[in-house]
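The next block holds one structure in the form of structure tokens; read it before the comments.
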Amino acid sequence: MTMFRRSISMFGLGLCALGPAHAADVTYKCPHNVYSNTIGPKEAKDKGCTVFEGSPITVIQGGKPRSAASAASGGGGNRVDPAEQRARDTDARRILEAELRREEERLAAMKLEYNNGQPDRQGNEVKNNQKYLDRVADMKTAIARKEGDIAALKRELLKYPQ
């Protein structure tokens, strides 16, 4: 396969680098789908190659082929035992509920600090009102983001029935 890629890349580079004057060079198709424009007619005949005529060669990189063992074992899909799936769902629900509780506690603390848009001024904000306004705006944005996170957690919890 490496020789095939090397031949194709050399072929493509040769056409690009040399321009249209050399585009008419002879390309040979050899056994095992090896294409080459770097061999002469005598060497091509010795290897059993034929002259390739037609459209330019296009190489498409494929994925890794599946091994015979994985193909044989994966015939019926990846089924999970229903009891094991219930256990996984229960664990996922428990984790999501714990995260939801933590996020709700953080939101409550943020709202308490926000104090309905009138948080206490910090030392450097007494004389600089813009810093205070920026901090209040940041707090409001953080609260909105936290509420969105909580809503997403609640939607995710709906996927795992009790």
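Each reported figure results from applying straightforward, stated rules to the coordinates on display, with no laboratory input. What you are looking at is a predicted structure, and each value in this text was computed from that prediction instead of being measured. Cβ atoms come from the backbone with ideal geometry, glycine included; neighbour counts cover every protein chain shown.
Would segment 79-118 count as rounded, prolate or oblate if I go by the C-alpha gyration tensor, calling it rounded below 1.5 in a/c and otherwise prolate when a/b exceeds b/c, oblate otherwise? Prolate, since a/c reaches 1.5 and a/b exceeds b/c. In straight-distance terms, cross-link reach from Lys45 covers every one of the aspartates and glutamates whose alpha-carbon lies under 18 Å from its own, apart from those fewer than eight places away in the same chain; here that gives Asp25, Glu53. Between Gln162 and Arg121, what FRET efficiency follows from the Cβ-Cβ distance if R0 is 45 Å, with the result rounded to 0.05? The formula returns an efficiency of 0.45 here.
What does the charge add up to near Asn129, with Lys and Arg as +1, Asp and Glu as -1, over the other residues with Cβ less than 13 Å from its Cβ? Local net charge: +2. Scanning residues 5 or more positions from Thr27 or on other chains, those with amide H under 5 Å from its amide H are Phe52, with H placed 1.01 Å from N in the peptide plane.
Across segment 78-162, how many lysine pairs separated by 8 or more positions, or lying on different chains, have Cα atoms within less than 19 Å? Close lysine pairs found across segment 78-162: 4. What are the ³J(HN,Hα) couplings of segment 112-124, residue after residue, when phi is run through the Karplus curve with 6.51, -1.76, 1.60 and θ = phi - 60°? Round to Hz, x for glycine and proline. For segment 112-124, the Karplus curve yields 5, 5, 5, 6, 6, x, 10, x, 5, 6, 8, x, 7 Hz.
For a straight C-alpha distance cut-off of 26 angstrom, the lysines reachable from Lys64 (same-chain residues fewer than eight places away being disregarded) are Lys29.
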